[in-house]
There are 2 protein chains.
Amino acid sequence: MKKRILISDIAKALGVSVTTVSFILNDKAKEKRISESLTKRVLDYVKKVGYKPNELAKSLRTGKTKIIGLIIEDISNPFFGNIARLIETKVYEQGYRIIYCSTNNDSEKTKELIGMFNDRQVDGFIITPSEGIEETISNLIQSNVPVVLFDRYLPEVETDYVIADNFQGAFDATVHFNEQGYKRIGLVSLYSDQTQMRDRLGGYMKAMDQFKKQAYIKKIQLDASEAEAIDELHEFVVDNRLDAVLFATNYLAITGLKSGKKHNYKLPALIAFDDHTVFKLHEPAITVVSQPIEEIANHIINILLLKLQGKAKAIKHLTLPCELKVRESSILKR
Amino acid sequence: MKKRILISDIAKALGVSVTTVSFILNDKAKEKRISESLTKRVLDYVKKVGYKPNELAKSLRTGKTKIIGLIIEDISNPFFGNIARLIETKVYEQGYRIIYCSTNNDSEKTKELIGMFNDRQVDGFIITPSEGIEETISNLIQSNVPVVLFDRYLPEVETDYVIADNFQGAFDATVHFNEQGYKRIGLVSLYSDQTQMRDRLGGYMKAMDQFKKQAYIKKIQLDASEAEAIDELHEFVVDNRLDAVLFATNYLAITGLKSGKKHNYKLPALIAFDDHTVFKLHEPAITVVSQPIEEIANHIINILLLKLQGKAKAIKHLTLPCELKVRESSILKR
DNA sequence: TATTTAAGCTAAAAGGATTTATTAAGCAAA
DNA sequence: TTTGCTTAATAAATCCTTTTAGCTTAAATA
């Protein structure tokens, strides 16, 4: 177990000062007028002995950790997992690392996480905010920490966010159902006032209102067990004799599919929010309102990097269009 | 933007020394014989002003960061995503945080990641090792950093690991095929010498040898595109007139399903390694060799925490049994 | 009375970098 | 000779804790 080599060791070995070595290593040789010969000598030696600075000491001094806090609803949900993966790859190229935690939409946990990440002095935050953390986020922003929200936003907090056009997505899906000739079109959502849920509901309602059709809306408790949800969905579809259902999240749609399997009833036409392997492979394949995952990730990173470099000008609210991927599940067979 | 409050501010405000405050905050009041009245006075004040120590300074001094490096093949694969989620939840309770990166099985990236996490002085590592990183891991272990491998291990490196019993799992699956009366049983795996792949192949071979049956083995390139893989699988199944196929990973099996859909041929009986929502919902439901994800996560954490506390006695090699979850896809209908 | 012992607290070092302010030497101009 | 300006480098301060080693004071023991 050999001892770590320090910048002072380098300085001593070469008979120069620590300052000089530090300047050279931080690309300030030119600016600080260190001679080229010495610069080369130091760099060669550093390479030879494989010196790597202590990042903690560096961070303590500079206040920068090169770490980004990713606070996400649930890393095991493919939608979030995929975004996490894209984000991670992108920031990696810029020398940043990700420290993450899942919130499970628990606002207490979210607050705690933000606090802890902040104590760890992450350089910036990427957050899927749960409800009731407006103040926490505001404090963050007031203390000048770069924050980008995604998937949903907090109307009362002025901050950058990147979301999908949930309203239009739900609207389009509902219109599609109507065009296909479905009569009794339901929506399955969650007991949640988060903006993405509110907008999906809104898009559905707007379309239904336009068609002068009765709305059928079923909300599931956030903390309901899957078994409970399965039964509730069965009841919802059968009792209302629905011939088409729009699901506000991928896992709700999956629960719907399981419900059909368990209670062995014929599923109505289906559209799910967020694509998922299950939907592509299902027989019939499930139509989805697909969010532009890669674009979302790209925009999040771009905004955050600008903010980290202090180059961000105005606050950005980005709403990216969804794509309705029509598959068999929403086509009426006559 | 108010200034951060420091431990020296507390000391000054109360007219005591920084040392005293530090002792009290680190639960050493008793040990260091600080009077109870002073202890209380300090704690009350700290609470009142909401002082939180600078974790970077703390880490610099103590050498502990309370961060664990999770280096995982692919966070967007539900198998890994789920394990990540479980690990994260467990270590969170112990005050640790996770910093992670996906390797995509790229050994160069893995080496780089280990190096960077090490520079950041993570307290311990959880790694799904890719091939060719034996030396990197050895160095880590020699410098006394706690490391736990999972999903696969490195035969040449003496370190703790937690894996599923891949050999037995594949063996059981193959036996099950045979019992069901399938004649031409194939295996789809990867061009990879990682232990989990080797063992799954081994289990399949042992069973096939016992039954004196010809083996049909198709390996896919790690870097093959999904489209290529889909076509290759089609060819493999049809050309060999296979009536049963065991897939060595969940995504290979999914590719297999897609292959059936694309080329519109009747799929043989199927068994997949690792469960996945797709398999539960598929029509017919897919039989799987399911890994005990929760147990795996628990054991990883337990071992790591013991090592972090310096209480680990011997090196642990844990091999946990898989469960064959028989569903419709592997039942021969007569 | 002189010396230990214990209680209660603290000054200063250490951890390892970055950054500010300063110096020393050499040369040109006044 | 003095002043001023470059160039090339450095000493020391700083970031904020924890921890080592030690200092008072008072009571207990020899």
### Task
From the P(r) of region A:6-72, can you give the percent of Cα pairs sitting at distances over 19 Å?
38 percent
### Theoretical ellipticity at 222 nm over chain B - DSSP helices of four or more residues, -39500 (n - 2.57) apiece, nearest 500
-14500 deg cm²/dmol
### Task
For the protein assembly as shown, state the average projected area of the convex hull of the C-alpha atoms over all orientations, rounded to one decimal in nm².
35.6 nm²
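Can you work out the FRET efficiency for the pair B:Val326 and A:Glu283, with r the C-beta to C-beta distance and R0 = 22 Å, to the nearest 0.05?
0.60
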### Neighbour-limited loop hits for GluC sites (Glu not before Pro), region B:22-91 (at most 15 other Cβ within 10 Å; DSSP other than H, G, I, E, B)
B:Glu31
### Task
For peptide B:142-148, compute the average count of partner chain beta-carbon atoms within 10 Å of each residue's beta-carbon.
1
### Query
So in the protein assembly as shown, what percent of DSSP beta bridges are antiparallel if you round to the nearest 5?
10 percent
### Query
Once the Cβ-Cβ distance between A:Arg198 and A:Asp119 is put in as r, and R0 is 30 Å, what FRET efficiency do you end up with, to the nearest 0.05?
0.40
## Note on the structure
Close lysine pairs (region A:266-334; alpha-carbon distance under 29 Å; 8 or more apart or on separate chains) counted at 8
### Query
Computed on alpha carbon atoms, what radius of gyration and Dmax characterise region B:175-237, expressed in Å?
12.8, 35
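For region B:209-279, which trypsin sites (Lys or Arg not before Pro) pass both filters: DSSP loop (anything but H, G, I, E, B) and at most 12 other C-beta atoms within 10 Å?
Those satisfying the criteria are B:Lys212, B:Arg241, B:Lys266.
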### Message
Going 7 Å from Cα along the Cα-Cβ axis for the label, what nanometre distances separate B:Gly310 from the same residue across the other copies?
### Response
4.3
### Query
Is there a simple number for the mean count of other chain Cβ atoms within 10 Å of the Cβ of residues in A:75-86, and what is it?
5
### Query
Say a label goes 7 Å from Cα toward Cβ at A:Asn264 in every copy; what distances in nm does this one have to the rest, shortest first?
3.2
### Query
Can you give the extra length, in nm with one decimal, that the chain gains between B:Asp9 and B:Ala57 once fully stretched, where that is 0.36 nm per residue apart less the Cα-Cα distance?
15.7 nm
## Note on the structure
Listed residues A:Ala13, A:Ala170, A:Ala57; largest mean-square fluctuation, Gaussian network over chain A with Cα springs below 10 Å, found at A:Ala13
### Message
Only Cα pairs within less than 10 Å get springs; with that Gaussian network setup on chain B, which residue of B:Gly69, B:Gly132, B:Gly203 has the largest fluctuation?
### Response
B:Gly132
### Task
Would you kindly calculate the translational diffusion coefficient of region A:1-40, applying Stokes-Einstein with the Kirkwood radius from alpha carbon pairs, for 20 °C and a viscosity of 1.002 mPa s, and quote it in µm² s⁻¹ without decimals?
202 µm²/s
### Summary
Cα extents of region A:267-334 per principal axis, largest first, Å, are 58, 19, 13
### Task
Could you pull the copy-to-copy label distances for B:Asp44, with points set 7 Å along Cα to Cβ, in nm to one decimal and sorted shortest first?
6.6
### Query
What does the average come to when, for each residue of peptide B:45-55, you count the partner chain Cβ atoms lying within 10 Å of its Cβ?
2
### Task
With r as the distance between the Cβ atoms of B:Asn240 and A:Thr319 and R0 = 45 Å, compute the FRET efficiency 1/(1 + (r/R0)^6) and round to 0.05.
0.35
### Message
Within region A:7-53, what whole-number % of the accessible surface is contributed by carbon and sulfur, with the 1.4 Å probe and all protein chains included in the calculation?
### Response
52 percent
### Query
B:Leu38 to B:Gln142: extension gain in nm, 0.36 nm per residue of separation minus the Cα-Cα distance?
33.0 nm
### Query
In a GNM of chain A with a 10 Å cut-off on Cα contacts, which of A:Ser35, A:Ser130, A:Ser259 has the highest mean-square fluctuation?
A:Ser35
### Full-stretch length increase - A:Glu131, A:Leu222 - with 0.36 nm per residue and alpha-carbon distance subtracted
31.5 nm
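The values are calculated or read from the model by the stated rules, or taken from the named source; none is laboratory data. Note that the structure is predicted; figures quoted are calculated from it, not measured. Because the Cβ atoms are built from the backbone with ideal geometry, glycine has one as well, and the counts that use them run over all protein chains shown. We work out accessible area using only protein heavy atoms, side chains counted, and drop any ligands, DNA or RNA first. Shrake-Rupley method; radii C 1.70, N 1.55, O 1.52, S 1.80 Å.
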